[in-house]
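Student: Sharing a structure below in structure tokens format, with a few things to ask.
Read the figures in this text as sums done on the coordinates, not as results from a lab. Since we're looking at a predicted model, the values are computed, not measured. Cβ sites come from the backbone with ideal geometry, for glycine too, and all protein chains shown count toward neighbours.
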2 protein chains.
Amino acid sequence: MLSLHQLRCFLATYEHGSLTAAATELGYAQPSVSEQIRALEKSLGVQLFRRVGRGVVPTTVADELRPHAERTLAAAEEARRAVTSAKALQTGTIRFGMFGAARLYAGAGLVADVLARYPGVRVELIGQNSNEVQEDLRRGRLEAAMIAVPAATSEGMTVTPVAKDELVYISADPERLASPVTPQRFAQAQLVMPETTWRAVDSTRIVLRQMLHETGRNPTTRIEVEDIETAVELVGMGLADSVIPKGAALQLLPRLAPSAGYVSLRPRQYDTLAVVHRSGATLSPAARLMIELATRRIQQIAEPYSPR
Amino acid sequence: MLSLHQLRCFLATYEHGSLTAAATELGYAQPSVSEQIRALEKSLGVQLFRRVGRGVVPTTVADELRPHAERTLAAAEEARRAVTSAKALQTGTIRFGMFGAARLYAGAGLVADVLARYPGVRVELIGQNSNEVQEDLRRGRLEAAMIAVPAATSEGMTVTPVAKDELVYISADPERLASPVTPQRFAQAQLVMPETTWRAVDSTRIVLRQMLHETGRNPTTRIEVEDIETAVELVGMGLADSVIPKGAALQLLPRLAPSAGYVSLRPRQYDTLAVVHRSGATLSPAARLMIELATRRIQQIAEPYSPR
DNA sequence: CGCGATCCCTAGGTCATTCCTATGATGCGA
DNA sequence: TCGCATCATAGGAATGACCTAGGGATCGCG
């Protein structure tokens with residue numbers, strides 16, 4: 001079976017015209033190199049060197065083999081180098097999970113942070129929804145992610161809360177923004193809610209359902225849309241109100257709904273943003289980097305998490 | 001230490017997303033592949049797969065490694081293929097030694113024979129002089145050669161005579177061609193002799209010296225030139241006569257000295273053409289081919305060798 | 001022409017690697 | 001919750017890598 005080791009011995013022997021010299025260069029005893037060459041010749045079924053009195057002389061087949069041997073060793077070396085630099089985050093791909101809304105107002109800055117520090121890397125931010133991201137985590141497609149809890153956290157996951165993101169009520173009607181929105185008023189509102197596909201398990205909705213449940217009411221939605229931008233635009237057009245994370249409101253309202261504003265709920269409600277990964281896994285440098293940078297970004301916008 | 005085997009296991013695992021499947025494809029037991037992957041990860045100092053419940057999932061570093069692993073294995077395969085086809089004489093270089101005059105009138109046809117049979121190969125015909133060729137043989141730079149004996153044959157060489165090439169007297173003067181040239185007449189001739197550099201050991205001259213020595217005379221040369229064509233041209237201009245192998249005379253006289261002709265010596269003198277190689281060496285297919293073709297070519301021109 | 005130096009091969013032994021079977025641990029899906 | 005699929009571990013046999021020691025051939029030199 002052809003091996004890189006044999007090719008290394010072959011090249012050293014070819015260049016020196018001597019087994020002894022090759023062995024010296026490679027740091028082996030002479031019979032070891034001799035044995036490797038013999039094994040290579042046997043495996044190829046051809047004579048590579050003629051043993052002639054003083055030293056050895058390559059055959060024409062050896063001439064033929066040499067450039068290929070060099071190419072093969074170079075490719076192997078290149079492979080090692082690529083891995084090393086990927087390990088050092090100089091190149092390669094960094095993949096990180098991040099649920100929709102948080103990605104919306106922290107994602108671009110996060111990617112910018114990574115690229116500023118490691119210009120050679122590719123960055124992938126995965127996931128439209130926290131639960132989708134959790135599924136990727138569970139399947140191993142993602143090493144770590146920043147998601148909004150509560151979501152149906154499965155066993156074997158380590159969850160580290162990093163920030164609280166307040167949920168605010170947004171509307172184009174100044175009257176409804178005059179004072180914090182109570183559950184009573186909230187229950188009567190005409191709402192547009194994003195992330196239709198995932199409404200049953202969406203973190204924000206779970207929080208809101210809980211809030212309303214305490215008052216014995218169910219939330220009603222007038223419009224269901226897929227993405228948060230559309231929801232904000234609809235709010236700007238005065239067609240409905242909505243509840244979104246404050247960070248998203250700060251970024252999207254001026255751009256998509258300049259006539260609208262936001263106000264807190266009463267009592268204040270929060271999405272908890274947390275870093276999640278498989279329990280017991282040792283995180284790669286890339287993942288640790290992303291976690292650190294994402295945490296910093298998020299905490300610039302949302303309040304740092306403080307356990308009660 | 002990185003090995004091709006590890007890369008093969010890595011690729012199979014990457015493609016199947018499973019150690020078991022990879023092992024099946026490669027024809028190994030599952031723990032063997034597992035061990036190879038672990039060794040590769042250790043040698044690179046990086047995790048390549050995350051072990052996740054059902055199967056394994058490549059990390060981004062593995063994504064980075066894969067194309068390089070493929071390139072490396074392809075290069076190794078290419079190396080093997082190149083050697084195989086060189087071995088089968090489909091490509092590569094065939095090197096053969098052949099001394100000056102014989103190469104002159106048989107070389108082109110010999111090369112044509114080889115190329116007709118093996119269109120992909122490169123052919124090198126080495127050597128201007130028998131002794132130069134012998135030196136290459138002794139040093140191992142040549143595997144086998146067709147040379148003219150007697151020449152100073154050194155120990156350790158196997159000499160197989162294949163043809164006798166008669167030495168003929170050439171002249172532009174029809175009178176001198178009327179009858180075979182005796183040593184007496186020869187000793188008085190004005191001669192032009194080729195291969196100046198090697199005159200002391202040249203095979204033809206040794207034969208002629210022996211012939212004259214029996215009559216107690218020494219040969220005199222009027223002109224010394226390096227190559228046989230020049231000598232023949234000078235003969236054609238009537239400036240001197242010469243002695244060259246009959247094969248060379250047949251080919252060169254019509255072209256370079258149409259007014260000249262040739263006649264035998266009395267007694268007839270012969271160069272013996274022989275195949276020479278190191279004793280005890282097993283000849284490569286290429287060398288055997290060249291010997292066979294060269295022998296056939298030579299025997300079409302010179303008389304087959306018949307031991308007395 | 002012998003003599004030492006050089007270089008390759010062979011022999012025999014040690015140690016590491018490779019590969020196997022058997023078995024345990026774990027996650028997934030019915 | 002049970003069965004199945006998958007990976008990890010353990011232990012042992014076979015193979016390969018490497019070494020030291022010594023023999024044979026060749027080369028250059030006195």
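Student: Residue of B with Cβ nearest the axis relating B to A, plus distance in whole Å?
Tutor: B:Ala75, 2
Student: Using Cα-Cα distances under 8 Å and only pairs 6 or more residues apart, what relative contact order does chain B have, in percent?
Tutor: Contact order relative to length: 21 percent.
Student: With all distinct Cα pairs included, what does the Kirkwood hydrodynamic radius of the range B:24-67 come out to in Å, to one decimal, could you say?
Tutor: 11.2 Å
Student: Note the direction-averaged projected area, equal to a quarter of the hull surface, for the Cα convex hull of chain B, in nm².
Tutor: Over all viewing directions, chain B projects a mean Cα-hull area of 22.3 nm².
Student: Across 5 Å bins from the origin, how do the percents of Cα pairs in the range B:1-160 run, short distances first?
Tutor: Distribution as computed: 2, 8, 13, 13, 10, 7, 5, 5, 6, 8, 8, 7, 5, 2, 1, 0, 0 percent.
Student: Give me the net charge for the shell around A:Arg38: Cβ to Cβ below 14 angstrom, other residues only, Lys and Arg +1, Asp and Glu -1.
Tutor: Net local charge, A:Arg38 excluded: +1.
Student: Further, regarding this structure: Cα centroids of the range A:98-125 and the range B:64-113: how far apart, whole angstrom?
Tutor: 52 Å
Student: State the volume of the convex hull built on the alpha-carbon positions of the protein assembly as shown, expressed per residue in Å³ and rounded to an integer.
Tutor: Roughly 223 Å³ of hull volume per residue.
Student: List the distances, in nm and shortest first, from the label point of A:Ala112 to the matching label points in every other copy, placing each point 7 Å from Cα along the Cα-to-Cβ direction.
Tutor: Spacings between copies for this position, smallest first, are 7.7 nm.
Student: Give the cross-link partners of A:Lys87 among the lysines, using a straight C-alpha distance below 25 Å as the criterion and excluding same-chain residues fewer than 8 apart.
Tutor: Cα-Cα hits under 25 Å: B:Lys42.
Student: Compute the separation of the alpha-carbon centres of the range B:33-63 and the range B:230-267 and state it in Å as a whole number.
Tutor: 78 Å
Student: Count, for each residue of A:3-10, the Cβ atoms from other chains sitting within 10 Å of its Cβ, then give me the mean as a whole number.
Tutor: 3
Student: Using packing as a proxy for protection, rank A:170-179, A:228-237 so that the peptide with the highest average count of other Cβ atoms within 10 Å comes first.
Tutor: A:228-237, A:170-179
Student: Inside 10 Å of the C-beta atoms of A:49-55, what's the mean count of C-beta atoms belonging to other chains?
Tutor: Other-chain Cβ atoms within 10 Å of each residue's Cβ, averaged: 4.
Student: Nearest 5 is fine: what % of DSSP beta bridges in the protein assembly as shown come out antiparallel, could you say?
Tutor: 70 percent
Student: Further, regarding this structure: With an 8 Å Cα cut-off and a minimum separation of 6 or more residues, compute the relative contact order for the range B:4-87 in percent.
Tutor: Relative contact order, the range B:4-87: 29 percent.
Student: A further question on this structure: Could you give the radius of gyration (one decimal) and Dmax (whole number) of the Cα atoms in the range B:223-308, in Å?
Tutor: My reading of the Cα-based Rg and Dmax gives 16.5, 49 Å.
Student: Could I ask something else about it? Give me the mean projected area, in nm² to one decimal, of the convex hull enclosing the Cα positions of the range A:4-87.
Tutor: If you wrap the Cα atoms of the range A:4-87 in a convex hull and average its projections, you get 5.8 nm².
Student: For A:Leu283, place a label point 7 Å out from Cα along the Cα→Cβ vector, do the same in each other copy, and report the separations in nm, one decimal, smallest first.
Tutor: Copy-to-copy label distances for A:Leu283: 7.2 nm.
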